Amino acid sequence: MIKLEIDVQNAIRFRDFLEMQQADNEFIALIDAFIPQLVNAANAKSNYIEVPLFFQEFQQLIYFLESIDTTYMHIIERIVHGKWSKFLNELDEGLNKWLVDNTYSRGEKET
């Protein structure tokens with residue numbers, strides 16, 4: 001389970017865009033695990049999201065999201081009133097923070 005803090009109100013704006021992606025079954029499965037958690041966080045008005053994926057799966061999700069053709073993203077951002085790059089950065093930074101927090105036990109964290 002990956003737990004991270006993101007701007008859920010920004011991220012939820014891309015829900016329809018993500019659900020409409022034509023992709024392979026692996027990507028669709030990752031999106032299907034991610035979207036309901038995003039919706040739950042948005043409904044709870046929370047900026048914390050818990051995604052039922054392993055670290056490698058979440059990395060794969062980010063990879064897939066970063067590989068989406070963004071030729072027309074400026075138009076999509078205008079339509080949904082969201083920032084795609086902010087969404088991707090928060091996922092990447094959140095995963096890195098989660099990794100640091102979950103790699104070191106108490107007292108072993110680097111300062």
Over the chain, relative contact order from alpha-carbon pairs under 8 Å, at least 6 apart, %: 42
Using semi-axes √(5λ) of the Cα gyration tensor in Å as the read-out, say which of [x] 25, 15, 14; [y] 40, 16, 10; [z] 21, 17, 16 was calculated from these coordinates. [x]
In a shell of Cβ-Cβ distance under 12 Å around residue 59, excluding residue 59 itself, what net charge do Lys and Arg (+1) and Asp and Glu (-1) give? -3
Quick one, could you list the DSSP H helices from the chain stretching 18 Å or more along their long axis (Cα atoms) with average Kyte-Doolittle hydropathy of -1.0 or above? 25-43, 84-103
Mean ellipticity per residue at 222 nm, deg cm²/dmol - from DSSP H runs of n ≥ 4 across the chain, formula -39500 (n - 2.57): -19000 deg cm²/dmol
Sorted by packing (mean other beta-carbon atoms within 10 Å per residue), highest first, where do 33-44, 62-73, 2-13 land? 2-13, 33-44, 62-73
So, with +1 on the Cβ of K and R and -1 on the Cβ of D and E, and no other charges, what is the size of the charge dipole of region 2-103 about its Cα centre, to the nearest 20 debye? 400
If you take the charge dipole of region 2-103 about its Cα centre, with +1 on Lys and Arg Cβ and -1 on Asp and Glu Cβ, which of 43, 2, 59 is farthest toward its positive end? 43
Please build a GNM for the chain, connecting alpha carbons under 10 Å apart, and tell me which residue among 45, 97, 83 fluctuates the most. 45
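Quick note: the coordinates plus some simple rules give every number you see, no bench work behind them. Nothing here was measured: the structure is a model prediction, and the numbers come from that model. Backbone-built Cβ (ideal geometry, glycine too); neighbour counts: all protein chains shown.
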